[in-house]
Structure formats: C-alpha cells, structure tokens
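Undergrad: One structure, pasted below without further comment.
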Amino acid sequence: MMVEELLDSYIIEDIGKRIAGDIVWSKDLAGAFRKWREMFGVSQGELSREMGIKPSVIADYERGRRQAGSELIRRYVSALISIDAKRGYRVIKELVKMFGINYPFILDMRDFKSPLSIDRIIKAVDGILVNSFVSDKKVYGYIVTDSIKAILSLSGMEFYQMLSLMVNRAVVFTKVTTGRSPMIALKVAPVKPPVVIFHRPVRLDPLALMISELEGINVIVSTKLHEEDLLKGLKSLLAES
C-alpha cells in the first residue's frame, strides 16, 4: 500500500506522534526541533509560512530562547508533514520503512481524544454484545484488522508487535467466519484488548465466546452491512471523544 493513499490514515498520525515524542523526550528540545526540520529538508522560512508565524519565532525555539508547549510541538510536526506531502512524501516514505509500521493487514487505527465507554462503541458499530457481562473498562482507541490478511502475513514477531498496538484499544476483526482463531490467539497473548469486535461473522463459535468470558474480553458483533460502513461508524467516535 502506497503512502500517497494514506494521507488521512493511521500511518501519518503514527509518524507524527513518534516525531513529537522524540522532540518531547529529548534533553535538548531546541536541538530536536532543528534536527527534524533539517531531516525534512525544510528551511525556517518555509516552515514559518506553513505555520503562519514569523521566521524569528522558529529561530527562537530552535535556539532555546522560547519554551515550546504541546500545542506548538504538534503544529511544528504537522507543518513538516504537510510540506513533505506537497513534495510527494519523500521523507515520510523513508520513515515508514524505518519505523516498520506499514502493516498490510491493518485497515485503520485511531486514538480517541478522551476514553469512551463500551456502550458508545456498541452504538457506533450497530453492535450486539454477546457476553454475560459488560466491562467497565474505558476504550482509548481502535484498530481494524483484516483477519485473513493477518493470518496469511503475520510472523511470530509481527504478532507481538501487533499486540502492542492493542493496549486499551477496541480490536476489530473483519472477514471473520466464527471468531475462533482470533480469540485463541488472544487467549495466549500477554496483552489483551478490553473489547473485540467481529464484523458480521457467519456464526460465532461457542469456544470463542467461552474464551472471551474467561479472559474478561467483551465481544461485540457488528451488524454493519459493509466494511466501509463499519469504518465510518468508528470514525464518528473521533468527533464524540
């Protein structure tokens, strides 16, 4: 999947978060600003125009004369990515390779601005909760996985990398038949999501339901007709959070 097709995707968002995190984590905040601007090949003047501020302000942040807050860092990184988009994502393409985050089996992945309850998730996906309990755990985002592609392409190491993406997120599996395989995989996993959503399974395997009860994972069956409808429903939660 080409990066050009993913401008509004989880990959761009993920890269932005990694860059911002690197800046925040750095002991030399000013140097980190300068490092990423130069990595993107952007001048202070070009960046200032993209951000709508004076070049001297950029220079002050990069010399440590001003202290940056989280909003300024977000705008700084967003401006770098926006400029790179106009250049055909030359730097973003390299970062995708370097970070290794282009999973072909992930259809979408987002974080909510604030955590949501499970009942709001159920409503968004036209879901049916099949458990005997309702977890009081909050959901901080979601990840949508094509189960067939995941089975065909996931290596052992990639599976554990994927698990790290599930923390506090609702995990959505599309193209499932019974839900048995995903639940067996989650049973032995050290990290478990609070919610699993199956998109229109042919039938729900009793073992899958039993595992969800034992592991305390709420299972929701989405009745959305198409995957596109499911994705739209999930994205509607971004505005609510």
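Undergrad: Take the conditions open to solvent by 10 Å² or more (accessible area, probe 1.4 Å), over 21 Å from the mean Cα position of the chain (by Cα) and basic (K, R) and apply them to R169. Does it pass?
TA: no
Undergrad: Please specify each residue of the range 203-213 satisfying the condition of being in contact (Cβ under 8 Å) with a residue 24 or more places away in the chain and not polar (S, T, N, Q).
TA: Correct list: R203, L204, D205, L207, A208, L209, I211, E213.
Undergrad: Out of (1) open to solvent by 70 Å² or more (accessible area, probe 1.4 Å); (2) of a type in the set (A, V, I, L, M, F, W, C); (3) closer than 21 Å to S114 by Cα, the odd one out for V188 is which?
TA: Exception for V188: condition (3).
Undergrad: Of the residues that sit in the range 125-152 and are open to solvent by 50 Å² or more (accessible area, probe 1.4 Å) and closer than 20 Å to E227 by Cβ, which one is farthest from the chain's Cα centre (by Cα)?
TA: Step by step, filter the range 125-152, then rank; the result is I128.
Undergrad: Moving on to the next point. Need the failing condition index for F198 against (1) modelled with pLDDT of 95 or more; (2) among the hydrophobic types (A, V, I, L, M, F, W, C); (3) surrounded by 15 or more Cβ atoms within 10 Å (Cβ to Cβ); (4) in a helix (DSSP H, G or I), just the number.
TA: Exception for F198: condition (4).
Undergrad: In this structure, does R180 turn out to be under 21 Å from L231 (Cα atoms) and either modelled with pLDDT under 90 or crowded, with 16+ Cβ neighbours inside 10 Å (or both)?
TA: So R180 does not fit the description; no.
Undergrad: Residue by residue through the range 16-45, note down the ones that are open to solvent by 80 Å² or more (accessible area, probe 1.4 Å) and among the aliphatic types (A, V, I, L, M).
TA: V24, M39
Undergrad: Here's a check for you: in the range 108-124, which residue that is under 13 Å from the mean Cα position of the chain (by Cα) and either modelled with pLDDT of 90 or more or within 23 Å of M162 (Cβ to Cβ) (or both) is surrounded by the most Cβ atoms within 10 Å (Cβ to Cβ)?
TA: Looking only at the range 108-124, we keep the residues that are under 13 Å from the mean Cα position of the chain (by Cα), and these are 108-113.
Imposing the further condition that a residue be either modelled with pLDDT of 90 or more or within 23 Å of M162 (Cβ to Cβ) (or both) reduces the set to 108-112.
Working: D108: 17, M109: 22, R110: 18, D111: 18, F112: 19.
Restricting to residues being under 13 Å from the mean Cα position of the chain (by Cα) and either modelled with pLDDT of 90 or more or within 23 Å of M162 (Cβ to Cβ) (or both), the top hit is M109.
Undergrad: Now, a different point. What residue, of K93, K97, is of a type in the set (D, E, K, R), within 30 Å of M166 (Cβ to Cβ), touching a helix residue (DSSP H, G or I) at 6+ places or on another chain (Cβ under 9 Å) and modelled with pLDDT under 90?
TA: K93
Undergrad: Can you tell me how many residues in the range 102-146 are part of a strand (DSSP E or B), of a type in the set (A, V, I, L, M, F, W, C), within 27 Å of I12 (Cα to Cα) and out of contact with any Ser or Thr (no Cβ under 8 Å at 6 or more places or on another chain)?
TA: The number of residues fulfilling the criteria is 2.
Undergrad: Return yes or no: is F105 at pLDDT below 90 and surrounded by 15 or more Cβ atoms within 10 Å (Cβ to Cβ)?
TA: Against the criterion (at pLDDT below 90 and surrounded by 15 or more Cβ atoms within 10 Å (Cβ to Cβ)), F105 qualifies.
Undergrad: Let me ask another. Would you say K175 is touching a Ser or Thr at 6+ places or on another chain (Cβ under 8 Å), over 22 Å from L225 (Cα atoms), at pLDDT below 95 and open to solvent by 70 Å² or more (accessible area, probe 1.4 Å)?
TA: Considered against the rule, which asks whether it is touching a Ser or Thr at 6+ places or on another chain (Cβ under 8 Å), over 22 Å from L225 (Cα atoms), at pLDDT below 95 and open to solvent by 70 Å² or more (accessible area, probe 1.4 Å), K175 comes out as no.
Undergrad: Six or more apart or on different chains, Cβ under 7 Å: which pairs go from a residue in the range 105-134 that's touching a residue at least 24 places away in the same chain (Cβ under 8 Å) to one that's part of a strand (DSSP E or B) and open to solvent by 70 Å² or more (accessible area, probe 1.4 Å)? Could you list them?
TA: D111/Y140; F112/Y140; P115/Y140
The values are calculated or read from the model by the stated rules, or taken from the named source; none is laboratory data. Source: prediction; values computed, not measured. Glycine gets a Cβ as well: all are built from the backbone with ideal geometry, and neighbour counts include every protein chain shown. Accessible surface areas use protein heavy atoms only, side chains included; no ligands, DNA or RNA. Shrake-Rupley method; radii C 1.70, N 1.55, O 1.52, S 1.80 Å.
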